[in-house]
Amino acid sequence: MMQFSFTLEQEELRSVLRRFLERQCPMDRVRAAMAGDPAGDGIWPRAAAELGLAALAVPEEYDGAGAGFVELAVAVEEWGRALAPGPLLATGVAAPATLLASGDSAACARLLPALAAAELTAAVVLDAAGQRPPAVTAVQRGDGWVLSGQVPLVLDGLAADVVLVPAPTDDGGLLWFEVPATGLTREAVPAIDQTRQLANLYFAATPAVVIEAAEPHTILDRTVNVLITALAVEQVGIADRCLELTLGHVRAREQFGRPIGTFQAVQHRCAEMLLRLESARSAAYYAAWAVDGAPAELPRAASLAKSYCSEATAFITAETLQLHGGIGFTWEHDAHLYFKRAKADEVLFGSPAAHRELLGSLVGI
């Protein structure tokens, strides 16, 4: 049954994670990670060790927490709210979703316990523009397989220990593969959003291990839908933090002898930000509920959430810049970091227009 409010356990998870990130991930540590300072890279291991964050999506039989996707979504929202560095979307969301959907018990037993313990990080090789599958081909050689091709803009692909790759085969089929990162050539990609790592991956007859799966295309679709749902929830966290920053500023900033938040024009703009935030939250958490609660609804819910949340968050972060005035455009202020993340997320794994087109096809329009 769908719940229209968060449970006490989910609210406690949110509270604990928010306090942790406020202490351990202030914006100066985010900026340190942007600059390549190792001091900014310790958030993920610590969150995994102290809070069990890496284990949320992993079932108990594989040494995980066995949480539902809504609990994971709460964590993703708080992670996005803090712009925290670390491979939560790739290692904590996409990789477990792929492995569990495959039904390959050997692959799950080999990888999931290490992911849950944060002893391993993983990336799922998906085309950043939403192309399914990415431009990698698989060829059988003797008893094994090799992969060739290149994929741009792989989320958290630069530091992953292992990558999971869907690749077409010579006979027109599709297989999933596990590839140790030692067999790859990787390069960092300079991006507008410096708070998130993206990498180009190059496969040159790279040895790969097959992940046994009865329906590889179904796994690909589910992985993408789970990932864009998590991305939509992350956008809600970004938008929520930006509204909070904006309200704090307009209450404190005075002009003509009064706080600018008392002017009706400013109030209208803040009200519009709140309206779009709450609408985005509803769309994102409906999709998050559908991951476990209504899998047949997930493709529609995920595309709807990605489309709406992308545009709503882009609007809210832009309004944050505007309502902060001149200081909002400075490097020292945090507003531009949220704006850049929002603009990058808007097109990651499919633009709003692409997802509206996909949604139309799914509902028969």
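The values are calculated or read from the model by the stated rules, or taken from the named source; none is laboratory data. The structure displayed is predicted, hence computed values, not measured ones. Quick reminder, even Gly has a Cβ in these numbers, built from the backbone with ideal geometry, and neighbours come from all protein chains shown. Surface areas here come from the heavy atoms of the whole protein model, side chains and all, with no ligands, DNA or RNA. Shrake-Rupley method; radii C 1.70, N 1.55, O 1.52, S 1.80 Å.
Of (1) more than 18 Å from Thr91 (Cα to Cα); (2) among the acidic types (Asp, Glu); (3) not in a loop (DSSP other than H, G, I, E, B), Asp171 satisfies all except one. Which?
The single condition Asp171 does not satisfy is (3).
Assess whether Ser148 counts as being surrounded by fewer than 22 Cβ atoms within 10 Å (Cβ to Cβ), in contact with a Ser or Thr (Cβ under 7 Å, 6 or more places away or on another chain) and among the hydroxyl-bearing types (Ser, Thr, Tyr).
Taking the combined requirement at face value, the residue satisfies it.
Can Ala296 be described as exposed (fewer than 13 other Cβ atoms within 10 Å of the Cβ), at pLDDT 95 or above and within 30 Å of Ala101 (Cα to Cα)?
yes
For the stretch 102-122, enumerate the residues that are touching a residue at least 60 places away in the same chain (Cβ under 8 Å), of a type in the set (A, V, I, L, M, F, W, C) and either assigned to a strand (DSSP E or B) or within 20 Å of Ala214 (Cα to Cα) (or both).
Ala106, Ala107, Leu111, listed by residue number.
Within the stretch 244-259, track down each residue that is in a helix (DSSP H, G or I) and in contact (Cβ under 8 Å) with a residue 12 or more places away in the chain.
Leu245, Thr246, Leu247, His249, Val250
Just a yes or no: is a residue in the stretch 293-307 more than 26 Å from Phe4 (Cα to Cα) and touching a Leu at 6+ places or on another chain (Cβ under 9 Å)?
no
Open to solvent by 10 Å² or more (accessible area, probe 1.4 Å) and assigned to a helix (DSSP H, G or I): which single residue out of Glu77, Glu71 fits that description?
Glu71
In the set Ala342, Ala301, Ala354, Ala335, which member is open to solvent by less than 40 Å² (accessible area, probe 1.4 Å), in contact (Cβ under 8 Å) with a residue 24 or more places away in the chain and more than 17 Å from the chain's Cα centre (by Cα)?
Ala335
If we scan the stretch 229-236, do we find a residue that is under 26 Å from Leu120 (Cα atoms), among the polar types (S, T, N, Q) and touching a strand residue (DSSP E or B) at 6+ places or on another chain (Cβ under 7 Å)?
no
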